[in-house]
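Each reported figure results from applying straightforward, stated rules to the coordinates on display, with no laboratory input. No experiment lies behind these values; they were computed from the predicted model shown. Cβ atoms come from the backbone with ideal geometry, glycine included; neighbour counts cover every protein chain shown.
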Amino acid sequence: MTVTIAREGAIAVVTIDNPPVNALSKALRQALIEAVATLDADEAVKLVVLLCAGRTFIAGADVSEFGKPPEPPHLPDVVARIEGAGKPWVAAIHGSALGGGLEVALGCAYRVAVRSANLGLPEVKLGLIPGAGGTVRLPRLIGAPAAVELITSGNPIDARKATALGLVDLVVDGDLRQATIAFAEEAVGKPRPQRISDRSVAAVEDGFWDDMEKVVAGSAKREIAPVRATASVRMASEADFATAMAFEGETFLELRGSAQAAALRHVFFAERAAPRPPELASVAPRDIRSAAVIGGGTMGAGIAAALRDAGLPVVLVERDGTVVERGLANVRSIFEASAKRGRITPEVAAERIAGVIGIDDYGSLADTDLVVEAVFEDLSIKRAVFAKLSEVCRPDAVLTTNTSYLDPDQISQGLSNPERFLGLHFFSPAHIMKLLEIVPTETTAPEVLATGFALARLLGKIPVRAGICDGFIGNRILKVTRAQSERLLLSGAKPSAVDAAMRAFGLPMGPFEAQDLGGLDIAGFQRKAARERGEVSFAPVGDRLCAIERFGQKSGGGWYDYRPGDRAPQLSDAVAAIIAEEAHGQAQLAWDEASIADAIILPMVNEAARILDEGVAVRAADIDLVKIHGYGFPRWRGGPMHYAEARGLAEVVALLDGLSTPGLADPPCARLRLAAERGGFSALAGM
Ligand code: NAI
């Protein structure tokens, strides 16, 4: 880390060089305070430009200091020193000014940014609020409504929007250093803008805060940080600067020690680690410059769109000409919908659509680097596809299957060069969902596995390595969720009570509502296939609903009844009667929300422990990522494994023992018991 000072006439340029992202380490905080003192003492200096080397302005706090007691100098003091300096400072922003980086920029008298810069306060995403004056200075600069929006969403804005809000004084094209020095030279001799801490917040309309608090609490679901951030901005608007700073500081410290912040930090680190697993660190992936997708249905079209979003040219192969057109139409509608929502411009949409070529033969795949198969979930159809790919593709082309439940080892049988084969399990909608389960077979070469991770990085997905078993990691745990939900029904809980309890736990939807939305038939087929393989699958009520073709919303009824044209679930007498029959006089218990959630979540943890034991997942944190990014598990709970550890594995084991005695769940597996004894899953890593 270096902080250097150069002089250009009356302008001093302070350059921070703290790779990779100029994070605000203790050493940097110290150096900034020293720079203020040095430059204040220098008579010749009239203004100071604060610039960063490398790819970005100060992109935030130093992650290695996360969760540790803060060491002086504290950032609020650094910002106060810059703001209080005798010479006005000008922040010259490129890349990202995030979190503490933006707070430093708010201490400056002016902010200049390149057009491509991003500015934001993402602290809520880590269960925190800005702690160095962000909630206090920002509303003084841009007004409370815009400040609440920026701080509670945690999403950055671009330089253009920042200028419109008054957060940035000048957007520049070309050389940032030169442009900012020129800006500073013009400012010499002009009156210094009033320090932000001396300003007051523009008045808001009557009722603004009451409305805002309701809106934020609603959209935050049960996350506390956005709610507390709103309170902090409100305090900043209604109290003097010092009182508001003290309030912000107290809130920040309280949240930093909270369970939600610990969970969100856990997820943050798991997400950072996932794209580059240490065991593949020395393995070079193969180059992927072109891709083909076989099958243009729901998944194939979404995967093609994801590949296009990453800039790859895509060939889409379907069975015949008519279905090719349908596949291309599926892709087109994805991009048109994105353009309609304003996510991309119509020109970009057109360019992405034009980059997909539809064909019904395999002839043009001779030079394709990567193929993703997404045809019907049928072993013989998939094998026939790979037999053709064997003939036409280069021997080093990476060939992958998006199967949900089939065994990739079986799909790849007979394939030439089977070391290039890999399972890539995308989630629907594939261009949106972040999770990618990467499933190597017995013969997959390490560099092909590494290519799966490289592809995930290219697509901006969260990759998790999964071993082969029925449902890999995510769908295997989903089966337990569903089985437990049915056990609850047979022991006295109503479907609506189960759904409500899981929503209260933080899931976007309960298990029965979700099945009615997605359709009960696919899981029904899978259970049938599993039973044909000699496996046991528990879904007594679900099977009866499938038998009478109650497949969910699409058939007018499933776990609930639906009135025509209305998606609101209505309690179903028919379903209640089936539940009563299947309960066979089983004891009916009084379930409350907490005990329902325990009866579903803790068996998921038990299954996850088995998954770890079998090596189907490499790390407990990977399972958390799967459930968060593929199945809506609340991020602020850290995923099921973090949740179980935070709750205490000994308690989890005791509760599972209690559920298993009357047959309401499996007993805790050996791995879970051992993890409880040793103090956590990570204590068993490598066992
Ligand atoms: P889909 O039925 O929507 O699409 C399958 C497409 O494959 C159809 O357009 C069909 O014409 C085409 N096709 C069939 N045989 C072909 C062949 N020999 N050559 C070229 N195209 C052929 O099915 P969906 O939902 O897209 O599923 C595809 C695969 O993805 C399945 O293996 C499924 O298990 C898996 N999957 C599905 C998910 C979902 O949520 N729908 C999630 C993750 C994986």
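Shape verdict for segment 281-361, please, from the Cα gyration tensor: rounded (a/c under 1.5), prolate (a/b greater than b/c) or oblate.
oblate
Ignoring everything except DSSP H segments at least 4 long, calculate the 222 nm mean residue ellipticity for the chain; use -39,500 (n - 2.57) per segment, divide by total residues, nearest 500.
-15000 deg cm²/dmol
Just order 222-234, 152-164 by mean Cβ neighbour count inside 10 Å, highest at the front, would you?
222-234, 152-164
Give me the net charge for the shell around Gly166: Cβ to Cβ below 12 angstrom, other residues only, Lys and Arg +1, Asp and Glu -1.
+3
With the contact rule set at Cα under 8 Å and sequence spacing of 6 or more, what percent relative contact order holds for segment 236-346?
18
For Ser96, list long-range residues whose amide hydrogen, built 1.01 Å from N in the peptide plane, is under 5 Å from its own amide hydrogen.
Result for Ser96 returns Phe57, Asn118.
What does the C-alpha gyration tensor say about the overall shape of segment 474-684? Classify as rounded when a/c is under 1.5, otherwise prolate if a/b is larger than b/c, or oblate.
prolate
How tilted is helix 208-219 with respect to the longest principal axis of the chain? Cα atoms for both, answer in degrees (0 to 90, nearest 10).
Helix 208-219 and the main axis of the chain meet at about 40 degrees.
If you take all C-alpha pairs in the chain, what percent of them are over 32 Å apart?
The answer is 59 percent, as a whole percent.
For Val49, which sequence-distant residues (separation of 5 or more, or a different chain) have an amide H within less than 5 Å of its own amide H, given hydrogens modelled in the peptide plane?
The answer is Ala12, Val13, Val14, Val90.
What are the aspartates and glutamates whose alpha-carbon lies under 18 Å from the alpha-carbon of Lys68, with same-chain residues fewer than 8 places away excluded?
Hits, sequence-local ones excluded: Glu123, Glu250, Glu254.
Given H placed on each backbone N at 1.01 Å, which residues far from Gly558 in sequence or on other chains put an amide H within less than 5 Å of it?
Gly552
Rounded to whole Hz and in sequence order, give me ³J(HN,Hα) for segment 449-462 from the Karplus expression 6.51 cos²θ - 1.76 cosθ + 1.60, θ = phi - 60°, writing x for Gly and Pro.
Running phi through 6.51 cos²θ - 1.76 cosθ + 1.60 with θ = phi - 60° gives 4, 4, 5, x, 5, 5, 4, 4, 4, 4, 7, x, 9, 9 Hz.
With θ set to phi - 60°, apply the Karplus curve 6.51 cos²θ - 1.76 cosθ + 1.60 along segment 337-351 and write out the HN-Hα couplings as whole Hz, x wherever there is a Gly or Pro.
5, 4, 5, 4, 7, x, 6, 9, 7, x, 5, 5, 4, 4, 5
Tell me, what ³J(HN,Hα) does each residue in segment 25-31 have, in order and in whole Hz, if you take phi through Karplus 6.51 cos²θ - 1.76 cosθ + 1.60 with θ = phi - 60° and put x for Gly and Pro?
Computed from phi, the couplings for segment 25-31 are 6, 4, 4, 5, 4, 4, 5 Hz.
Mind checking the dipole of segment 288-465: about its Cα centre, +1 per Lys or Arg Cβ, -1 per Asp or Glu Cβ, Debye to the nearest 20?
That gives a dipole near 680 debye.
Which lysines have a Cα less than 26 Å from the Cα of Lys494, not counting those fewer than 8 places away in the same chain?
Of all the lysines, those that pass the test against Lys494 - Cα under 26 Å, at least 8 places apart if same chain - are Lys221, Lys479, Lys528, Lys554, Lys627.
Among Asn475, Gly99, Ser595, which residue has its Cα positioned farthest towards the positive end of the charge dipole of the chain, with +1 placed on the Cβ of Lys and Arg, -1 on the Cβ of Asp and Glu, and the dipole taken about the Cα centre?
Projecting each Cα onto the dipole axis, the largest value belongs to Gly99.
Just how large is the dipole of the chain about the Cα centre, in debye to the nearest 20, putting +1 at every Lys and Arg Cβ and -1 at every Asp and Glu Cβ?
Using only the charged Cβ atoms, the result is roughly 520 debye.
Specify which residue in the list Ala354, Ala608, Ile33 is farthest towards the positive end of the charge dipole of the chain, using unit charges on the beta carbon of Lys, Arg (+1) and Asp, Glu (-1), about the Cα centre.
In the chain, that residue is Ile33.
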